[in-house]
Amino acid sequence: MKSIAIIGSGKIGSGILKAVKGNYPSIRIIATGRRDETIENVKRMGVEATKDNDYAVREAEVIVLTVKPQHFPVVLRQVNKDSWMGKIVISVMAGIKVSTLSSLIPNAEVYRAMPNINALVNRSTTAIAERDGRGKEYVESIFKSLGSVYWVPEDMLDAWTALIGSGPAFISEIIDAFALGAVACGMPRDLAYYAILDMIEGTIKMLKSNLNHPVMLRDQVTTPAGTTIRGLMVMESEGVKSALIKTIESAYQRAYAIGEEIDKRLRESNGK
Ligand SMILES: NC(=O)c1ccc[n+]([C@@H]2O[C@H](COP(=O)([O-])OP(=O)(O)OC[C@H]3O[C@@H](n4cnc5c(N)ncnc54)[C@H](OP(=O)(O)O)[C@@H]3O)[C@@H](O)[C@H]2O)c1
């Protein structure tokens, strides 16, 4: 891959930009945005910046679409149909299906990926919708420079959005609740907060090292008549586990509904 265009240099777009620049310094990067501030930001990162999406698409071999889904119709109007010819296009836009994108830009090889906000610290957990094509290796290498990559069937992306996309928000809520619990026990909040983050990192290391189910670690910690079982009894009586299962399922339902809505609107607005 010799050149890449990032269409929409917001949070995810600039995360991808930074990772590609850091890992593949010889690749030409052209990044776009709407506002002067976005353009200045991109320039400060040391890459080519422009408001001209058609120029960026024409110049690059690989195009990454990182605008919000509702802004994609504008991008479509801004880019000449011929400019997409033969390009490898990767969309991270939530909800827009590969079949819809392929019908809107028929001359390109389209991929769909779902990273998460952890891309900003190179720890994204990205799903890419399975498909074959000459761009497969490029797509994988871009997202590997941002963290881990899983190829999944496209119809799993709504569940991915709920679990892995929204996951950092849910985990943050749980961490905040732990910190408040610590404050209730008389611990200073800042001390508790960093201790919780360390404890979670350690727990993840334990789980990844040799245990293939979290219940095994839980049982190792749970001493008969000890403190952990008392806490677990409260989690059980308050329905914490069931609430978390429903959290993911409800987020999934919403991701699915939003996807259907966006996709339908996009197809209708283009007379497909
Ligand atoms: N945030 C997440 O956790 C996450 C996770 C997975 C996938 N996604 C997907 O990633 C995409 C971007 O999300 P985000 O959170 O990074 O949003 P964001 O920070 O709002 O970034 C969107 C960027 O698109 C630019 N833009 C809008 N219209 C444009 C146009 N016509 N030409 C050029 N640039 C344009 C905006 O530029 P200006 O700022 O100059 O207006 C903005 O910088 C979305 O489709 C979302 O579904 C996000």
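The values are calculated or read from the model by the stated rules, or taken from the named source; none is laboratory data. Predicted model, so just to flag it, every value in this text is computed and none were measured. Quick reminder, even Gly has a Cβ in these numbers, built from the backbone with ideal geometry, and neighbours come from all protein chains shown. Each accessible area value is taken on the protein alone, full model and side chains, heavy atoms only, with ligands, DNA and RNA left out. Shrake-Rupley method; radii C 1.70, N 1.55, O 1.52, S 1.80 Å.
Checking each residue in segment 123-173 for being of a type in the set (Asp, Glu) and assigned to a helix (DSSP H, G or I) picks out GLU137, GLU140, GLU154, ASP155, ASP158, GLU173.
Pairing residues of segment 245-271 that are in a helix (DSSP H, G or I) with residues that are of a type in the set (A, V, I, L, M) and exposed (fewer than 13 other Cβ atoms within 10 Å of the Cβ), at Cβ distances under 7 Å and at least 6 apart in sequence or on separate chains, gives no pairs at all. Being part of a helix (DSSP H, G or I) and either over 18 Å from ALA159 (Cβ atoms) or among the small types (Gly, Ala, Ser) (or both) is the filter here, so list the residues in segment 231-244 that pass it. If the condition is that a residue be part of a helix (DSSP H, G or I) and either over 18 Å from ALA159 (Cβ atoms) or among the small types (Gly, Ala, Ser) (or both), then GLY231, LEU232, MET233, VAL234, MET235, GLU236, SER237, VAL240, LYS241, SER242, ALA243 are the ones that fit. Consider segment 12-35 and keep the residues that are more than 10 Å from the ligand (Cβ to nearest atom) and part of a loop (DSSP other than H, G, I, E, B). The one that is least open to solvent (accessible area, probe 1.4 Å) is ILE27. Given the structure, is LEU76 buried (at least 20 other Cβ atoms within 10 Å of the Cβ) and more than 7 Å from the ligand (Cβ to nearest atom)? No.
The rows are residues; the columns are (1) loosely packed, with under 13 Cβ neighbours inside 10 Å; (2) modelled with pLDDT of 95 or more; (3) charged (D, E, K, R).
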residue: LEU211; (1), (2), (3): no, no, no
residue: PRO224; (1), (2), (3): yes, yes, no
residue: ARG230; (1), (2), (3): yes, yes, yes
residue: SER237; (1), (2), (3): yes, yes, no
residue: THR247; (1), (2), (3): no, yes, no
residue: ALA251; (1), (2), (3): no, yes, no
residue: ASN270; (1), (2), (3): yes, no, no
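Residue-wise test of (1) within 12 Å of the chain's Cα centre (by Cα); (2) under 25 Å from LEU17 (Cβ atoms); (3) buried (at least 19 other Cβ atoms within 10 Å of the Cβ).
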| residue | (1), (2), (3) |
| --- | --- |
| PRO106 | no, no, no |
| THR125 | yes, yes, yes |
| ASP132 | no, no, no |
| GLU137 | no, yes, no |
| VAL149 | yes, yes, yes |
| ILE164 | yes, yes, yes |
| ILE171 | no, no, no |
| ALA177 | no, no, no |
| ALA182 | no, no, no |
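In summary, SER9 fulfils each of the numbered conditions (1) among the polar types (S, T, N, Q); (2) under 26 Å from ILE258 (Cα atoms); (3) part of a helix (DSSP H, G or I) with the single exception of condition (3).
Pairs meeting the criteria (first residue in segment 84-110 and among the hydroxyl-bearing types (Ser, Thr, Tyr), second residue away from the ligand (no atom under 16 Å from the Cβ), beta carbons under 8 Å, at least 6 apart or on different chains) are THR100/ARG267; THR100/LYS272; SER102/ALA108; SER103/ARG267; SER103/ASN270; SER103/LYS272.
Here is the figure for segment 1-37: residues that are closer than 19 Å to VAL92 by Cα and hydroxyl-bearing (Ser, Thr, Tyr) total 4. Inclusion of ILE204 among residues that are assigned to a helix (DSSP H, G or I), open to solvent by 60 Å² or more (accessible area, probe 1.4 Å), of a type outside the set (Asp, Glu) and not assigned by TED's automatic domain parsing to the domain that holds ASN118 is warranted. In segment 36-64, the residue that is farthest from the ligand (Cβ to nearest atom) out of those that are of a type in the set (Val, Ile, Thr) and assigned to a helix (DSSP H, G or I) is VAL57.
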